[in-house]
Structures are given as structure tokens and as C-alpha cells.
Amino acid sequence: MIVLDSVNKTYQVGGTPLHALDNVTLSIETGEYLSVMGPSGSGKSTLLNMIGLLDHPDSGSYLFNGVATETLPEQELARLRGENIGFIFQAFHLINRLTAFENIELPMVLAGEPVKSRRSSVRQVLDMVGLGDRADHKPNQLSGGQLQRVAIARALVMHPKLLLADEPTGNLDSVSGKEVIEVLEQLNREGITLILVTHDRHIGKRANRRIRMVDGKIEKDERQGKGVKAERGERGDHAPV
Amino acid sequence: MRLSDQVRFNTLVFQRYGVRTFLLLLAVGIGVASVILLTSLGEGARRYVDQEFSSLGNRLLVVLPGRKETTGGAPPIYGTVPRDLTLEDANALLRIPGVNAIAPVIAGTTTVARESRSREVITIGTTAGFFVVRKLDVGKGKILPPRADSEALAVCVLGVKLQRELFGAAPSIGQWVRVGDRRMRVIGILEERGESLGLDLRDMIIIPVRTAEQLFNSPGLFRIIIDLNVNTSIVDTEKRIRSIIRQRHEGEDDVTLVSQDAMLAAFGNILTTLTLAIGAISAISLLVAGILIMNISLISVSQRREEIGLLKAIGASSRQVRQLFMGESLLLISLGSITGIAFAFGSIFVASVLWPNFPLAPPVWAVPAAVGIALLAGLLFSIYPANRAAGLDPVLAMRGLQQ
Ligand SMILES: Nc1ncnc2c1ncn2[C@@H]1O[C@H](COP(=O)(O)OP(=O)(O)OP(=O)(O)O)[C@@H](O)[C@H]1O
Ligand SMILES: [Mg+2]
């Protein structure tokens with residue numbers, strides 16, 4: 001589903017280049033459950049934004065569902081994002097003037113879906129995250145855990161194949177954090193591909209595949225407990241020492 | 001995104017930023033209303049003139065001495081006059097079929113005095129025809145007698161104000177006044193009426209044309225006003241006038257003919273131009289409203305940066321974001337325009353109740369022009385903020401960072 005090949009992203013910070021992503025090569029299959037961990041500033045969010053087509057690599061290639069994304073026009077990228085990818089952020093990013101229902105409905109509104117199908121889809125995902133009775137609440141009338149579940153519902157409403165969660169539990173207490181993770185894992189069991197960035201060791205361990213990033217590089221990539229050395233340097237790094 | 005959804009989305013933004021929206025509505029509304037109201041004043045003036053002319057209710061043709069190439073302009077008051085237009089010329093024109101009445105006019109100013117009171121006033125030397133042509137009547141006494149077209153009678157008709165100045169409450173009909181160096185008997189007082197075509201009918205004196213000739217020591221007429229019957233062709237009559245004048249002026253038709261229509265058209269042109277100019281000046285207020293919208297939109301874009309980033313993350317393209325912000329401005333301007341139109345027409349209605357004589361009404365183009373300019377200004381001035389919003393990098397925007 002996702003094939004990143006030698007992807008680089010460099011920022012110039014005070015004259016010195018900062019490699020947010022340093023030659024990252026990574027492929028992810030449909031239905032995988034993958035956690036990304038690593039120290040602050042190691043490039044986890046940058047990687048996630050890259051996968052979510054919100055950010056563009058400076059070099060390298062990115063195939064999404066077999067489509068080369070580097071050459072796609074902005075409008076096409078936006079459509080791919082809307083139809084295939086659901087984002088969940090640490091800061092929820094709900095629009096305060098809209099009700100829970102309207103926030104969840106927004107991706108469908110942007111896609112120009114008819115009112116009727118919107119209503120049933122929103123109802124369905126609201127029930128899925130256990131907030132069927134909070135449809136008309138504004139964000140300031142909901143708890144943190146509820147807000148994140150609204151955000152999850154919004155990410156789900158277009159029936160995406162890929163869910164990207166950047167520290168979804170970062171602003172939550174452990175109980176509501178656990179609830180949120182359970183919702184996400186349930187979705188993964190139903191077939192959705194889930195990529196989860198987290199600082200929480202316990203949460204990270206639950207994933208079948210775990211990636212550890214350091215300084216923009218993938219340092220470790222292990223599956224179900226068996227450690228697999230990172231693939232970095234596998235391509236284009238055959239130069240003799 | 002569907003139009004109804006976009007309007008709803010924009011409306012929720014307006015609700016959220018109520019005060020800001022209200023102020024912008026006010027700015028646009030004032031702009032639109034001022035264009036409509038000010039052009040209504042100009043148009044009202046034009047209609048007023050129109051109304052004044054048609055209150056004469058007849059078809060007038062004015063013969064002026066001297067040839068003037070331009071048609072339609074204001075009649076020349078003093079021009080180079082090659083050959084005088086005479087009372088005999090005027091009387092000859094009476095033979096033309098379809099002519100209802102003829103008023104030869106000599107105009108000047110003289111001092112009119114009685115006992116110790118005197119007054120310098122406009123003096124019209126004319127005939128009984130003048131009263132027909134100008135739809136004038138006397139309030140007291142009589143108009144000039146028919147013989148006034150051939151004899152230098154020592155009689156006069158006074159305007160009401162002049163009469164009051166000279167006589168006060170004393171009876172005036174049959175009394176003598178001094179007009180220049182002559183004595184004349186007052187035979188009539190004009191009925192009370194204000195200005196007509198720039199002539200203050202209340203402060204003037206009308207005397208027989210022959211008398212005026214002697215008084216001003218000149219056989220030349222100032223002009224001849226001809227009142228035509230309704231069905232008479234103006235073009236044919238003009239031809240006949242020219243042929244008669246040619247016979248009488250040794251083969252030269254050295255006169256200028258001005259029809260009432262042409263005069264009306266000239267006034268109309270001037271006032272229409274004036275109205276357009278006023279409209280253009282008031283449109284500046286719409287430009288100001290446009291700049292205000294741009295500023296506020298820029299503020300709005302930076303305040304809603306996080307929201308814009310989110311919209312992009314959940315599938316909005318740059319184009320959709322641009323459309324959303326442009327739509328917001330246009331919707332605001334439409335609402336403001338409606339407010340402005342309602343206010344303008346409300347004011348016009350109130351004015352029409354307060355001053356029923358002045359026909360205040362917007363020219364047909366005022367409303368579409370005002371709204372058009374408002375929309376255009378809104379469109380132009382929202383391009384920049386909307387492009388700013390569309391160009392935001394979603395990752396940075398969601399972090400709430402400047403770019
Ligand atoms: N727009 C930018 N300009 C300059 N540097 C940037 C920019 N965006 C990210 N960076 C830098 O790139 C590096 C990776 O950032 P990223 O947000 O991916 O880190 P992270 O692993 O998500 O960290 P955290 O765990 O704190 O969220 C950081 O050093 C960051 O300072
Ligand atoms: Mg991060």
C-alpha cells in the first residue's frame with residue numbers, strides 16, 4: 001500500500017541542514033498495525049505527514065496504492081487524502097463553532113456528498129465510537145476522550161483505507177487514552193491500515209510492527225517481538241568504505 | 001462542495017464573528033446606499049427639469065437671431081447678430097399653419113418706480129401671445145391687449161413681488177408707474193407662481209413689444225417663441241419658418257431654431273453627466289469597503305490558520321479553500337448590498353413623503369451599478385486573502401505557525 005524509497009526532507013535551521021527524514025525507505029502492507037516511536041524531533045510527525053500526502057519529500061519517491069505521488073497535481077493529492085486517508089491528531093483539531101455531527105460530516109461536505117448519505121454515515125461512525133448521544137454537542141461541551149473519539153469518527157467517515165494517528169493519546173488521561181487505542185485497534189482488526197505515532201512504550205508495544213526513529217532515520221523495524229535490523233542502507237549504500 | 005453547504009459554512013462563520021460581520025455589512029451597505037441615494041438626487045434634478053418643461057404642456061419652438069451651427073445648446077444671449085429679427089418677422093410667422101400663438105420677446109432690465117420706491121427688474125417686451133406660450137395668467141386685472149403687437153401702448157403687467165414692493169397694500173390696477181423714462185398704467189398683476197425656466201415670474205414687468213423697442217431704442221427682437229398645435233410637425237414648421245425668414249431677409253435664413261425637445265435634451269445631457277459623476281464619486285465608498293474587507297479577511301485567514309490546515313488534511317484542495325474564502329466575501333457583499341438597497345429605497349420613500357414636489361428616484365442603472373461595483377471590489381480585494389489561505393502549508397498551519 002505504501003512504498004517510500006530513499007525519501008529525504010531537509011530543513012535549513014540557522015544555516016545548517018537538519019535532516020527531518022534521512023533517506024527513509026519503508027513499505028507498509030494493507031491491514032498492518034504499525035507504531036512509530038523515537039525521541040522528540042526524530043522525524044516521526046514528518047514521516048506521518050509525508051505518508052498522509054500533507055508534506056512533500058525533497059527527494060525520493062512515494063508510491064501510494066501503486067500511484068506515484070510526486071507528480072500528482074495538488075487537487076489530485078487533496079482528493080486522494082480525502083478519500084483514502086484519515087488523520088487523527090494529538091490536538092484533535094475540531095472546529096469549535098461546529099457541532100460534533102458537523103465536524104464529522106465535514107470531509108463528506110468537502111467531497112460534495114449528498115445530505116442523505118452524509119447523515120447515515122455520520123450516525124454510523126458516531127455509534128462506532130460510542131458517541132451516538134452527543135451528536136449535537138459543541139467541542140467545548142465534550143471531554144478530551146470524547147473529543148478524540150469525535151476526531152476518530154471524522155477520520156472514519158469517508159471509509160478510508162489508512163488511518164494516521166499522531167500521538168492520539170498525548171492529551172488524554174490513561175483511561176480515555178486506552179479507550180481511544182481500543183477503538184483504533186478494533187478498526188485495524190476490521191481491516192484498516194493503522195499507523196500510530198506514540199511516546200507511550202506500552203501502547204507502542206501493542207502494534208504488530210514497531211518502528212523506532214532517531215535523527216530522521218529508521219533505526220529499528222521489528223515485527224511481533226522478533227527484532228529485525230533496520231533496512232537502512234540496503235539501497236544505494238553499497239559504496240566501498 | 002455543494003453551494004448550499006458552502007453558504008451554510010460561511011453563515012456559521014458570520015455567526016461566530018458577529019461584530020466583525022456586522023461592521024462589514026454596514027460598510028458595504030453604506031457604500032451601496034450612498035451610490036443609489038446620490039445618483040437619485042441627480043436623476044431627481046433631471047426629472048424636475050423635465051417636469052418643469054412639460055408643465056408648459058405644449059410644443060415650443062424658439063427663433064433666435066443669428067446663425068449658430070450647434071444645435072441644442074443654450075440659446076445665445078448676446079451673439080454677433082447679422083440681421084435683426086423684427087416684430088414684422090414675427091407677425092409674418094403667424095401665417096404658418098399649425099401655429100397656435102407667437103410671442104416676440106425683447107428682454108432687458110429697467111428701473112420701475114412709483115413715488116419714492118424703485119426697483120431694477122427684468123423687463124419683457126412682448127405681446128398677448130406670451131401669456132399663451134408660457135401658460136401665464138394674471139391674478140388681477142387683464143393681460144396685454146391684442147393691440148400690443150402693433151402699438152406702443154403705455155401699459156404694463158407686474159409680477160406679484162414687484163407689485164408688493166411698489167404698492168404695498170395699496171390698490172395698483174389702473175395706477176401709473178415709471179418704467180425707465182416713461183409712464184405706464186398697470187393693467188394686470190401676474191398670478192402667484194415661482195420660477196419658471198430660470199425666470200423669476202414674481203419679480204418682473206411685462207410691457208408691449210413696441211413700447212420696449214422704444215424704451216431700449218432697438219428694433220431687434222431677443223427671440224420669438226412659437227407655440228405649435230399638438231399635431232404639427234416640428235420639422236415642417238422649421239422649414240416654413242426658414243423659407244419665410246429667407247424671403248424677408250434677402251435670401252438668407254440667418255436665424256437659429258431651437259425646439260423645446262432640443263433644450264430638454266441639452267439639460268438632460270448635462271444632468272445625466274452630473275449624475276454619473278456623482279455616482280462615480282460615491283462608488284469610492286465601495287472601494288473603501290472593499291479594502292476594509294481585504295484587511296478583515298487577512299486577519300480572519302491568520303486567525304483561522306489551524307482550521308484551514310485541518311480542512312486541507314481532510315481533503316480540501318487549495319482551490320476549495322480559495323473558493324470558501326472568496327465565497328465568504330461575496331456572500332457578505334450580497335447581504336450588505338441588500339441592506340444598502342433596502343435603506344436607500346426606504347430613505348427615498350421618506351423623502352418622497354417629505355418633499356412630494358421633488359421627483360427623487362434612482363436612475364435605472366444605479367442599483368445594478370452599485371451592486372456590480374460592490375461585487376467587483378469584493379472580488380478583487382478578496383483574491384489576495386483567499387490566495388493566502390489557499391497557499392497555506394497544512395502542516396505548518398495546523399501547528400499554528402507563521403510561514
Ligand atoms: N517547518 C520546519 N522548519 C524547520 N524545522 C522543522 C520544521 N518542521 C520540522 N522541523 C524539524 O524537523 C525535525 C523533525 O520534526 P518532527 O515534527 O517530525 O519531530 P517528531 O519526531 O514528531 O517530534 P515530537 O515527538 O516532538 O513530535 C525536528 O528537529 C523539527 O525541529
Ligand atoms: Mg511529532
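Please state the relative contact order of chain B as a whole percent: Cα pairs under 8 Å, 6+ residues apart? Mind dumping the intermediate values first?
Values: 706 pairs, mean separation 115.3, N = 403.
Computed over chain B, the figure is 29 percent.
Among A:SER40, A:SER61, rank each residue by its count of other Cβ atoms within 10 Å, from fewest to most, as a rough exposure measure.
Sorted ascending by nearby Cβ count, the order is A:SER40, A:SER61.
I need to check one value: relative contact order of segment B:83-253, counting alpha carbon pairs closer than 8 Å and at least 6 residues apart, in percent.
Numbers: 356 pairs, mean separation 55.8, N = 171.
Computed over segment B:83-253, the figure is 33 percent.
Could you list the GluC sites (Glu not before Pro) in segment B:210-272 that lie in coil according to DSSP, counting only those with at most 11 other Cβ atoms within 10 Å of their Cβ?
B:GLU250
Quick one: angle between helix B:318-354 and the longest Cα principal axis of chain B, in degrees between 0 and 90, rounded to 10, please.
Compared with the principal axis, the helix lies near 30 degrees.
Pop out the ³J(HN,Hα) list for segment A:86-93 in order, Karplus 6.51 cos²θ - 1.76 cosθ + 1.60 with θ = phi - 60°, rounded to Hz; leave Gly and Pro as x.
Coupling constants for segment A:86-93: x, 9, 10, 10, 4, 8, 6, 6 Hz.
What is the helix-to-structure angle for B:366-390, meaning the angle in degrees between its Cα long axis and the longest Cα principal axis of chain B, kept from 0 to 90 and rounded to the nearest 10?
Once rounded, one gets 20 degrees.
Calculate the dipole size of the protein assembly as shown relative to its Cα centre from +1 charges on Lys and Arg beta carbons and -1 charges on Asp and Glu beta carbons; express the result in debye to the nearest 20.
For this selection, approximately 1000 debye.
Let me know the charge dipole size of chain A about its Cα centre in debye, to the nearest 20, where only the beta-carbon of Lys, Arg (+1) and Asp, Glu (-1) is charged.
Around 480 debye, computed over chain A.
May I ask you to sort B:ARG248, B:ARG117, B:ARG305 by Cβ crowding, counting other Cβ atoms within 10 Å and putting the fewest first? Mind showing how you got there, number by number?
Working: B:ARG248 17, B:ARG117 12, B:ARG305 23.
So the residues, fewest neighbours to most, are B:ARG117, B:ARG248, B:ARG305.
Taking amide H positions as placed 1.01 Å from N in the peptide plane, with prolines and chain starts having none, which residues 5 or more places from A:LEU18, or on another chain, fall under 5 Å of its amide H?
A:TYR11, A:GLN12, A:VAL13
Once Lys and Arg get +1 and Asp and Glu get -1 on their Cβ, which of B:ILE234, B:ILE244, B:VAL160 lies farthest toward the positive end of the dipole of segment B:83-253?
B:VAL160
List residues of segment B:317-350, by number, whose backbone nitrogen lies under 13 Å from a label position 7 Å along Cα→C-beta of B:ARG16.
What the label zone holds, given the 13 Å backbone N cut-off, is B:325.
Report the relative contact order of chain A, percent, no decimals, based on alpha-carbon pairs under 8 angstrom and at least 6 residues apart.
Dividing the mean separation by the residue count of chain A yields 27 percent.
Would you kindly calculate the mean projected area, averaged across all directions, of the convex hull enclosing the Cα atoms of segment A:2-229, in square nanometres?
Numbers: hull surface 52.3 nm².
One quarter of the hull surface, i.e. the mean projection, equals 13.1 nm².
Choose one of A:THR71, A:VAL109, A:LEU98: the residue whose Cα lies farthest towards the positive end of the charge dipole of segment A:43-113 (beta-carbon charges +1 Lys, Arg; -1 Asp, Glu; about the Cα centre).
Working it through, the farthest residue towards the positive pole turns out to be A:LEU98.
Cut-off is 10 Å between beta-carbons; in what order do A:SER27, B:SER334 appear when sorted fewest neighbours first?
Going from least to most buried by this count: A:SER27, B:SER334.
I need the GluC sites (Glu not before Pro) found in segment A:1-71, filtered to DSSP loop residues with at most 14 other beta carbons within 10 Å of theirs. Could the numbers behind the result be given before it?
Details: sites: A:GLU29, A:GLU32, A:GLU70; in loops: A:GLU29, A:GLU32, A:GLU70.
Sites meeting the loop and neighbour criteria: A:GLU29, A:GLU70.
Only helical DSSP H runs with n ≥ 4 go in: add -39500 (n - 2.57) per run for chain B, normalise by residue count and round the 222 nm mean residue ellipticity to 500 deg cm²/dmol. Kindly include the intermediate steps, with their values, before the conclusion.
Numbers: 12 runs with 215 residues, N = 403.
About -18000 deg cm²/dmol.
Could you go through segment B:122-130 in sequence order and give the Karplus-derived ³J(HN,Hα) for each residue, using 6.51 cos²θ - 1.76 cosθ + 1.60 with θ = phi - 60°, rounded to whole Hz, and x for Gly and Pro?
Going residue by residue, I get 5, 10, 10, x, 7, 10, 4, x, 4 Hz, with x marking Gly and Pro.
Classify segment A:137-188: rounded, prolate or oblate, from the alpha-carbon gyration tensor (a ≥ b ≥ c, eigenvalue square roots; a/c under 1.5 rounded; otherwise prolate if a/b is larger than b/c)?
Here segment A:137-188 falls in the oblate category.
Calculate, in nm to one decimal, what B:LYS239 and B:THR272 gain on full extension: separation in residues at 0.36 nm each, minus their alpha carbon distance.
Between B:LYS239 and B:THR272, full extension yields an extra 8.8 nm.
Quick check: convex hull over the Cα atoms of chain B, volume per residue in Å³, rounded to an integer? Write down the numbers at each step before the final one.
Values: hull volume 82.4 nm³, N = 403.
Value for chain B: 204 Å³ per residue.
So which GluC sites (Glu not before Pro) in segment A:91-195 pass both tests, a DSSP loop state and at most 10 other Cβ atoms within 10 Å of the Cβ?
Qualifying residues, ordered by number: A:GLU190.
Take the alpha-carbon centre of segment B:325-351, take the same for segment B:94-131, and report the distance between them in whole Å.
Between the Cα centre of segment B:325-351 and that of segment B:94-131, the gap is 53 Å.
For a label point 7 Å from the Cα of B:LYS135 along Cα→C-beta, name the residues of segment B:199-214 whose backbone N is under 18 Å from it.
B:199-202
Using alpha carbons only, how many angstrom separate the centre of segment A:122-152 from the centre of segment A:160-188?
Comparing the Cα centres of segment A:122-152 and segment A:160-188, I get a distance of 14 Å.
Give me the number: length gained by fully extending B:GLN323 to B:SER118, i.e. 0.36 nm times residue separation minus the C-alpha to C-alpha distance, one decimal in nm.
66.1 nm
For the pair A:GLU29 and A:VAL175, how long in nm is the line joining their label points, each one 7 Å along Cα→Cβ?
3.9
Given the pairs A:LYS161/A:LYS217; A:LYS220/B:LYS312; A:LYS44/A:LYS161; A:LYS116/A:LYS178, which are separated by over 24 angstrom at their Cα positions?
Correct reply: A:LYS161/A:LYS217; A:LYS220/B:LYS312; A:LYS116/A:LYS178.
For the pair B:ASN357 and B:ALA265, what calculated FRET efficiency results from E = 1/(1 + (r/R0)^6), where r is the Cβ-Cβ distance and R0 = 25 Å, to the nearest 0.05?
Approximately 0.60, to the nearest 0.05.
Only the coordinates and a few stated rules stand behind these numbers; no lab work does. Just so it is clear, the structure is predicted and the values come from calculations on it, not from any experiment. Counting neighbours? That spans all protein chains shown, and the Cβs are built from the backbone with ideal geometry, glycine included.
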